[in-house]
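See below for the structure under consideration.
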Amino acid sequence: MKELVEIIAKSLVDHPDEVVVTEKENEKAIIIELRVASDDMGKVIGKQGRIAKSIRTVVKAAATKDDKKVVVDILQ
């Protein structure tokens, strides 16, 4: 999941070298934290959060085979 979020985020931003993705896992869910440069925040979130919602949807679809809940947090 981490690699998927990283590939998507790096393709969206102007500064792909500043994209940092961390993955934390507990018994109920996988938490993926995405950090990008402050200039690129709008590109990752999109108008009315549409891009962020799309990223979460793709990751959730990819996680269905693992039967785990995935949470994508976009941090600054």
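All of the numbers you see were taken from the coordinates with simple rules; none came from a lab. In this text, all values refer to a predicted model and were calculated from it rather than measured experimentally. In this analysis, Cβ positions are derived from the backbone assuming ideal geometry, glycine residues included, and neighbour counts consider all displayed protein chains.
In this rough spin-label picture, where each label sits 7 Å from Cα along the Cβ direction, the residue 2-residue 68 distance is 1.1 nm.
Other residues with beta-carbon under 14 Å from the beta-carbon of residue 45 carry, at +1 per Lys or Arg and -1 per Asp or Glu, a net charge of +3.
Counted over the chain, the DSSP beta bridges are approximately 45% antiparallel. Principal-axis analysis of the Cα atoms of the chain puts helix 2-12 at an angle of about 20° to the longest axis.
Summing charges over neighbours of residue 22, with a neighbour being any other residue whose Cβ is under 9 Å away from its Cβ, gives +1 when K and R count +1 and D and E count -1.
Loop-located GluC sites (Glu not before Pro) in region 1-55 (DSSP state other than H, G, I, E, B) with a sparse environment of at most 15 neighbouring Cβ atoms within 10 Å: 27.
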